[in-house]
Each structure stands twice: as structure tokens, then as C-alpha cells.
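Contents: one structure, followed by commentary.
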Amino acid sequence: EAYMTTSHTNASLQELRSTFIAKGISSATSNYIVQGKGAILVDVEGNEFIDFAGGIAVMNVGHSHPKVVKAIKDQAEKLTHTCFMVSPYESSVTLAEKLCREVPGDSPKAAMFANSGAEAVENAVKIARYHTQKSAIIAFDNGFHGRTLMGMTLTSKIKPYKYGLGPFAPEIYRMPFANCYRCPFNKEYPDCDVACADHLEYFFINHVAAEQTAAIIIEPIQGEGGFITPPKEYFQKLKAICEKNNVLMIADEIQTGIGRTGYMFAMEYFGVEADLTTTAKSLAAGMPLSAVVGKKEIMDSVHPSGIGGTYGGNPVACEAALAVFDILESENLLERAKEIGKVLNKTFLSFQEKYDIIGDVRGLGPMIAMELVQDRQTKAPAAEETKALVNYCHEKGLIVLACGSYGNVLRFLMPLVITDEQLQKGIDIINDGLRKITG
């Protein structure tokens with residue numbers, strides 16, 4: 001295939017970049033990608049990479065899926081923008097219907113569209129505050145909710161996301177998350193009886209009153225925070241406490257949603273209906289689109305024009321998203337996701353037996369991670385080794401990402417359309433890398 005459409009090399013683009021792109025924006029690699037297909041990326045010099053990053057969980061249906069490409073082309077020829085708030089169009093309404101049916105729970109739902117995950121979070125907070133007429137929001141340790149003012153305030157990690165970028169939004173409170181590998185309460189699951197959830201009752205007494213709290217915002221599995229995966233009953237307990245205290249639960253499914261965990265939305269696995277759900281990333285296969293989907297009486301409480309935005313629910317992005325749902329169903333990608341998850345889980349647990357550096361393997365379905373430690377007893381984070389492993393993989397043609405508060409977690413977000421052969425090749429590179437960094 002002819003993909004060499006540029007006279008530039010990676011080095012010449014890197015030089016241009018250092019001149020014209022702000023230094024505050026960093027990239028994990030210095031390979032400039034010119035083409036992607038399925039789970040394979042190709043750079044300007046023709047180097048191929050297996051993609052285990054998926055554009056940070058955006059490419060669940062794979063790069064340049066023919067159905068998505070066709071949907072974008074067809075729509076672009078007809079209409080690229082009117083602004084839904086001026087002249088509405090069909091795709092936004094049909095996509096809203098689709099999302100309201102897919103988000104877990106039996107309550108009637110309604111949706112609104114924006115452009116990015118952070119914007120969805122901002123709007124979910126606005127809606128929660130408006131509906132409850134309360135101002136406080138409770139977020140969690142290790143949580144990530146974006147980089148806008150509200151987004152970075154809700155986000156836990158200081159460097160790089162918040163450092164020097166304040167002041168922050170008021171009335172945000174933070175409590176510990178269910179982190180079984182590094183329990184903030186020094187307990188062991190299941191003997192702990194999920195005390196981290198009951199802590200919310202204490203929190204209402206000692207940090208912020210329930211009478212002032214509009215909502216808690218929580219990721220079903222913390223993405224940026226290190227794929228921290230709570231016990232199933234954690235969310236059920238939290239939800240019960242929220243309901244008793246008239247506090248809403250916002251599920252931030254921006255990274256976990258659209259099939260990432262083997263479920264359309266992860267809250268289905270946890271058996272909890274959130275009051276509001278945010279979604280973005282894989283929703284439109286790379287087109288900027290996000291949504292807040294929530295219980296109808298909550299979503300409808302805001303007065304007309306109280307929420308909205310110029311590009312929200314752009315017709316090209318909405319058609320791409322409708323194609324994504326078509327692909328997930330017609331190609332049985334939720335089942336495929338569960339299969340990939342089983343392969344990865346089994347493989348990484350076998351790696352854990354072989355390599356002492358792997359302290360923990362966790363996740364749900366193909367949203368899986370390995371936490372690397374210098375010592376299994378002390379659990380001292382192995383951040384440098386994680387970096388070395390990421391670099392080794394990259395040199396061998398595999399793109400993987402690190403995450404976690406200490407940068408010592410290797411996370412996997414490969415497109416769900418990846419072939420068995422590509423998956424195995426990636427796994428082999430990781431195995432070789434582990435051997436090299438522990439040898």
C-alpha cells in the first residue's frame with residue numbers, strides 16, 4: 001500500500017515539532033504515524049508497530065475500520081456542521097437513543113453530547129449540582145477526570161496534571177479508592193468487608209456533609225491511576241450509601257466504556273446503575289465526541305440552553321459512533337474482548353510466576369495491567385524498570401503505555417479487532433523485555 005506521502009522523516013518532523021509545538025505537550029514515542037489499520041500503525045519511514053495503546057483506549061474497533069471510514073466520508077459529503085442547537089439532525093437523535101439503551105440500568109434515560117471526556121465530566125458535574133441544588137463533589141485517590149479546570153481539580157495525580165496549573169475549582173473533596181493491592185486501610189480482601197466503601201459514611205461526618213454533596217464521581221476501573229479494579233460489591237455498597245443520603249453517583253466510563261472491559265459499560269459487570277455516566281474515547285473511533293447519559297429526570301432538570309456547546313454531537317462524529325455500535329454488534333467484539341481478556345490474564349499470571357518484578361496482575365477483560373515492583377514484600381514501585389520495558393517494546397515494534405501514580409504499571413489497550421497472531425507477537429515482545437530487564 002502506498003503510504004509514503006511525505007518527504008519528512010521522523011527526525012525532521014521532530015525538529016519541526018520542537019520549533020512549533022508547545023513543549024507542554026509530550027509524546028510517548030517520536031515515530032510520526034502516517035497510517036493505521038486494525039491494530040497496526042505505520043510511521044513516515046515505513047516502520048510498523050503493533051498497537052497495544054489504542055490511542056489511549058480510543059481505538060477499540062481498530063484503526064481506519066472500513067465501516068467507520070465510510071460513515072465519515074458519506075456524512076462529510078452531505079453535512080459537516082449546523083450546530084445541533086440551531087438546526088438539529090437525525091444522527092444525534094438516533095445515537096442518543098442507542099446510548100440510552102446501552103448504558104446499564106432500567107431507568108428511562110436521556111443524553112447530551114460534547115467533544116471530549118473532560119467536557120463530559122464538566123457537564124455531568126453541572127447537571128448533578130443543578131438537579132440536587134448542592135455544590136460539593138467527592139472524587140477519589142488515583143482518579144483521572146481530565147485537564148480542564150474542573151477536570152484537573154477532580155484528577156488526583158499532581159505531577160504532571162496539576163502542578164503549577166491552579167488555583168483549582170472549589171468544593172471538591174477526595175477520599176481513598178478500593179485499591180486491594182495497596183489498601184489505604186491496611187486490610188485484606190475479603191476479610192475487610194469492603195471497609196473502603198463504608199468509609200463514605202465517615203467522610204460525610206468528617207470531610208463534607210451529605211446535605212452539601214451533589215455527587216461522587218468515580219471510574220469503575222481507574223484508568224490513568226493504574227487500572228485499579230475494585231471488588232464487585234464496592235460499587236453496590238457505595239450506591240446504597242449515596243441513595244440513603246440523596247447523593248448522585250457519576251460513573252466516569254470514558255476509558256472503561258464502549259466494550260473495553262468485555263462489557264459495553266463496566267458498570268454492568270458491577271451490577272450498579274449510576275445516576276449519570278460519562279463516555280468518550282472509543283465512542284466515535286477517534287472522532288472527537290463525548291456524552292453524558294443519565295436518568296431522565298436528572299438530565300431533564302436543567303433549563304433549556306443551560307447545557308450545550310457549538311460542536312456537541314457533530315454529525316460526522318455521530319455517524320462514526322453509529323458505525324462503532326454496528327461493528328461491536330456485527331463483529332461480536334464484546335465476546336472477542338472477553339477472549340482477549342482470558343488470554344492476557346492467563347499469560348500475565350504465568351509471567352508473574354516467572355518474574356518476581358510483577359507484583360500484581362489486575363483488570364477486567366482486556367482492560368488489564370501488570371504492576372511492577374522492586375520487591376514483592378515492600379511493594380516498592382519499579383518505575384525505572386517499567387520505563388525500560390516500555391522502551392524495549394517500542395524498539396521491537398510494540399507500542400505500550402505505562403500508568404499509575406508511581407508510573408510503574410504497564411497497561412494494555414489494544415484494539416479488540418487485533419488478530420491472534422498480532423496479539424501473540426506483542427506478548428512475546430513483552431516476555432523478552434521482562435527477561436531483559438530482570439536478567
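The values are calculated or read from the model by the stated rules, or taken from the named source; none is laboratory data. Because the structure is predicted, anything quoted here is derived from the model rather than measured. Heads up, the Cβs are rebuilt from the backbone with ideal geometry, glycines too, and the neighbour counts pull from every protein chain shown. Quick note on the areas: whole protein, heavy atoms, side chains included, nothing else; ligands and nucleic acids left out. Shrake-Rupley method; radii C 1.70, N 1.55, O 1.52, S 1.80 Å.
For this structure, a couple of remarks:
- The residues of the range 82-100 that are exposed (fewer than 13 other Cβ atoms within 10 Å of the Cβ) and either farther than 28 Å from Met264 by Cβ or of a type in the set (Gly, Ala, Ser) (or both), listed by number, are Thr82, Val86, Ser87.
- Residue check, Met112 under 20 Å from the mean Cα position of the chain (by Cα), farther than 26 Å from Met367 by Cα and open to solvent by less than 60 Å² (accessible area, probe 1.4 Å): yes
- Test for Ser156: is it open to solvent by less than 40 Å² (accessible area, probe 1.4 Å), of a type in the set (S, T, N, Q), touching a Gly at 6+ places or on another chain (Cβ under 6 Å) and not in a loop (DSSP other than H, G, I, E, B): no
- Residue match in the range 368-383 (condition: under 14 Å from Phe52 (Cβ atoms), in contact with a helix residue (DSSP H, G or I) (Cβ under 8 Å, 6 or more places away or on another chain), of a type outside the set (Phe, Trp, Tyr) and in contact (Cβ under 8 Å) with a residue 12 or more places away in the chain): yes
- Of all residues making up the range 337-367, the number that are assigned to a helix (DSSP H, G or I), open to solvent by 20 Å² or more (accessible area, probe 1.4 Å) and under 17 Å from Glu268 (Cβ atoms): 1
- Matching residues in the range 379-433 - criterion: being open to solvent by 40 Å² or more (accessible area, probe 1.4 Å), small (Gly, Ala, Ser) and in contact with a Gly (Cβ under 7 Å, 6 or more places away or on another chain): Ser405
- Where a residue in the range 15-37 is within 22 Å of Ile418 (Cβ to Cβ) and at pLDDT 95 or above and its partner, wherever it lies, is among the acidic types (Asp, Glu) and exposed (fewer than 11 other Cβ atoms within 10 Å of the Cβ), with Cβ under 8 Å and at least six apart: Gln35/Glu1
- Residue count for the range 295-309, restricted to those that are surrounded by fewer than 16 Cβ atoms within 10 Å (Cβ to Cβ) and of a type outside the set (Gly, Ala, Ser): 5.
- Selection from the range 116-148 of residues that are closer than 30 Å to Val409 by Cβ, open to solvent by less than 40 Å² (accessible area, probe 1.4 Å) and assigned to a loop (DSSP other than H, G, I, E, B): Asn142, Gly143, His145, Gly146
- Residue in the range 200-216 that is under 24 Å from the mean Cα position of the chain (by Cα), buried (at least 20 other Cβ atoms within 10 Å of the Cβ) and closer than 17 Å to Gly404 by Cα present: no
- Listed by first and then second residue, the pairs linking a residue in the range 415-428 that is closer than 20 Å to Ile258 by Cβ to a residue that is outside any loop (DSSP other than H, G, I, E, B), with Cβ atoms under 6 Å apart and 6 or more places separating them unless they lie on different chains, are Pro415/Gly54; Leu416/Leu333; Leu416/Arg336; Leu416/Ala337; Val417/Gly38.
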